[in-house]
Structure formats: structure tokens, C-alpha cells
């Protein structure tokens, strides 16, 4: 089982890559939809992470994706500098999907 990132922010992509999470950077809803379809075809990807600003931009695509697919799990993550209450990304992922990454407790 792998995590995969779809982001419109290179800083997020770089940080996730440093944590061992591969991903792609997209700039529009069409590219995001194509990346989601690629994730579905890759049977090793169990969770797709999307930063909040991209998640908001792709609302219709995400609704259609969730109706058509039960896997992979699509999870919204906070953007860098967002007011998410100071939560670390590792803690956010652990609380959302129950996976501990990076040794966070």
C-alpha cells in the first residue's frame, strides 16, 4: 500500500517527497482528473493525498471520482501556511486514515 500526492504546490510536493511519498504537480482540474485516473490504475496506491486549494478547485471532479471509485481513498490535506490549528501533516494523516508516517506519535 502506497500513499500518493496530487498537488498544485511544489513546496508540498517537495516536502512529501522528502517523507518518501511520490506525487505529481498539476495546475488545473483536467490534469488532476488524469492524475486520479492514473492512481486508480496503479493497484499499489491505496491513499491519494490532495492539498486543500486543489481539492477546492476540483470539487466536481472529486464528487464524480468518489461516485465511480471506492479505491484509492482520497484525503484532503492542509496547504502550507493554512490555519489548520498548527497540526503537523503526519498527525493529520494519522488521525484521518490511521496511518503513522515519519515516526509521529
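All of the numbers you see were taken from the coordinates with simple rules; none came from a lab. Just so it is clear, the model here is predicted, and its values are computed rather than measured. Using ideal geometry, Cβ is built from the backbone for each residue, glycine included, and neighbour counts are taken over all protein chains shown.
Here the label points at residue 25 and residue 10, each 7 Å from Cα along the C-beta direction, are separated by 0.4 nm in the simple model. Here the label points at residue 38 and residue 1, each 7 Å from Cα along the C-beta direction, are separated by 2.4 nm in the simple model.
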